[in-house]
Amino acid sequence: MHAAAMGGDGCTCRCACACTPRRCPAAARLLSPLLLAAVLLQLLLPLAAAAYPQVHAHDLRSEDGPEVRAEQGVLRGVWVLGAAGTGIKFAAFRGIPFAAPPVGPLRFKAPRAPEPWEGVRDAVAEGPVCPQGQPDSAEGVLGDEDCLYLNVYVPAASLAGETTTDAPATTTTTMSPEEAVNDTAPARPLLPVLFFLHGSGSWFQRGSAGALDLGPELLLQHDIVVVTPSFRLGALGFASLDSEGVPGNAALKDALAALRWLHGNARAFGADKDRITVGGHGSGAALAHYLTLAPAAAGLARAAILQSGSALAQWAYTQDHVRYATELAARIDPEAARLSNDTQDVEDVLRNATVAQLLRGHAEVTLARPHRVNFVPFVPSPERRLQRGLGHGLGEEDEEEVFLPHDPEYLVVKRPVPSLPILMGVTSQEALLRFCNLKWDLFPERMELYNTELWHLLPLNLWPSDDTAAVFNVSRPPVDHGAGGEDEQPPTFPSEVRDIADQVREEYFGGANITNSSQQVVELLNDVFYNADIHRLATRRVQAAAQPTYLYRFSFEGEYNVGRARRRLDRPGAVHTDEMGYIWRVEGLGQNVTADTAAALTIKRVTTLWTNFVKTGSPVPEPLELTELIPDAWPPTEADTLPKQAVMDIGEKMQLRVEPLGGRHMNFWRIEYRNLRNGGGL
């Protein structure tokens, strides 16, 4: 799992933070455009060849598995004995199809309803991961297009006996002898649900809903149900021509279909459909946030947990979707792309391409813009075909549902659906891992490029997108981030962008050269990739008197920090993904909740806070019972503290602070964003 370059001198470059050309002659000899391209490509591809195994060592195969009756038929799961010292027994229903396979003519389209089945369907093995890169395979592909499956995990006790609602019972559980109950067993309350969307090593491009990284037992100890759905990734999930054939946002519609499936089947698993919290990490958090904003998902969730991401993130939305999809088709089949600019021709190329061709083309579209460290071509995008008269009448069979009619900032500002309680936050050094992945210390010429052209590091969403721009009556400058290939075009930036870059240089680097200021570069990347967007989302919610917003900063450094463990970083700070090891059982971390350690205490603390929120909508609900585990109250952030916010710092101690969530530069970004919106909000 470690990015390394081994030279003849025997110097292993584990990460840019631990090895520089000056300290490592082997690294110095590797500085070349070819290696730079390889490093960037590595960001698109998984680092582990044997990813997402189907082996579940803690399954109790000797016992009869639990059965439930879902809308499509009967499912037989497996009993599992929880690892990581939890000892909890739970039911796992894996690989449940929540949609028809999105293959053939359904590629790129919204998911269709799954087919029912006869008899009992085994739900023991996880479904395939959605297609993503795997460099060690012959085709460079891991996964299968038939990948729309989800996993449901339920504490054993909640499947015993009837439930306490007026709806007719649908549970047909076959319990092990010690779990059996008689006809007079007391009714059990339905449990709240965490519906969690996985993150990705590179935004929206890879990941899995499986138990390798999302083992549920740390959460199940707290009597909730956990659901982890898969969704399409990369171009298959987000390529858009905003047409009937390639309508866009397939991954968002996958998440919506999974949430609708859960809503219709919750009670079969002892779960309460009226107490569903959507959550996610990184790109999964952005998708979860979209589910709280889009009218199509209104009423399906009660609250949201957003870890290190939101729909306002500058990497979570684009208006250049048609351009990137067309460029992808040209890279797959240059000859066909030259024949016509007709949308149908582009659709045909994309639909007939192999998965390997789509993945290679995706990488090429990205690598054509190496100067943009925050560039991701295939992400959520607007759907305006009905406004342009390109769709059919509502209600016709071939109508593609519109998920995202407006840009996310517009949806936050105008609030077409009621707001929900949100718990959200960041780690203390989010971008340190990405800084190391980019190996800037190994490529001094990259630092020099950004020193002379700092505007390449500015947020892509500084100016509002079209819908929001109309609300605030502003115009966007003609920024073009360039293109590669035969029609290679350099990026163009108007003077307004260059002026802001000068202000950024002064704010972060005191007006000086950035080449020898790696920590300040990390601070800038922290804010551009994560902090500024989550900070302004919290500010907008408070100003709009939305539902409660609870903010956290995860700063704990211990043996279960996922990102640090996998990269062996030698700089302080909790990095992107580090909190995941204190919420989920992660294969290879060796977590143990019974240990007398600060890390084990942090697992208990974070899972208690998160599941309190799932159960009640507050991480520290009333009446307060403060203990060593939860030593401080956690109120929502309020308008009277702005521009500061109420932030729970989760470190060695748990301590409420009143300060900007993202740190000392947040007021700078607040002013920049506000000025570019004619003073609108913030």
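The values are calculated or read from the model by the stated rules, or taken from the named source; none is laboratory data. Predicted model, so just to flag it, every value in this text is computed and none were measured. Cβ: placed from backbone, ideal geometry, glycine included. Neighbour counts: every protein chain shown. When the accessible area is computed, the model is the full protein with side chains, heavy atoms only, and any ligands, DNA or RNA have been set aside. Shrake-Rupley method; radii C 1.70, N 1.55, O 1.52, S 1.80 Å.
Numbers at a glance
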quantity	calculated
Residues whose placed amide H lies under 5 Å from that of Asp122, excluding near-sequence neighbours	Arg76
Along each principal axis, Cα extent of segment 76-131, largest first, Å	46, 29, 13
Label-point separation in nm, Gln319 to Glu445, each point 7 Å along Cα→Cβ	3.5 nm
Backbone N under 12 Å from the Asn473 label point (7 Å along Cα→Cβ), restricted to segment 405-427	none
Distance in nm between pseudo-label sites at Thr641 and Glu118 (7 Å out along the Cβ direction from Cα)	6.1 nm
Computed FRET value (nearest 0.05) for Leu624 with Glu496, which takes r as the C-beta separation and R₀ as 41 Å	0.25
Estimated vicinal HN-Hα couplings, Hz - segment 97-112 in sequence order (Karplus 6.51, -1.76, 1.60; Gly, Pro = x)	x, 9, 7, 5, x, x, 10, x, x, 8, 4, 6, 8, 4, x, 9
Difference of contour (0.36 nm per residue) and Cα-Cα distance, Ala545 to Gln519	5.7 nm
For Leu60, distant residues with modelled amide H under 5 Å away	Trp79, Val80, Leu81
Separation in nanometres of the label points that stand 7 Å from Cα toward Cβ, at Glu399 and Leu106	2.0 nm
Of all accessible heavy-atom area on segment 534-651, the percent that carbon and sulfur account for (1.4 Å)	51 percent
Contour minus Cα-Cα distance for Val74 and Arg664 (0.36 nm per residue)	206.9 nm
Förster-model FRET efficiency, 45 Å R0, Glu139 and Leu81, C-beta, rounded to 0.05	0.75
Residues of segment 116-161: accessible area per residue with a 1.4 Å probe, Å²	38 Å²
FRET efficiency, Val417 to Thr616 (Cβ-Cβ, R0 25 Å, nearest 0.05)	0.70
Alpha-carbon centroids, segment 80-128 and segment 516-549: separation in whole Å	36 Å
Area accessible to solvent at Ile514, 1.4 Å probe radius, in Å²	0 Å²
Net charge of Cβ neighbours under 10 Å - reference Gly82; Lys, Arg +1; Asp, Glu -1	+1
Reachable lysines, given that their alpha-carbon falls under 29 Å from the alpha-carbon of Lys253 and they are not under 8 places away in the same chain	Lys109, Lys273, Lys414, Lys615
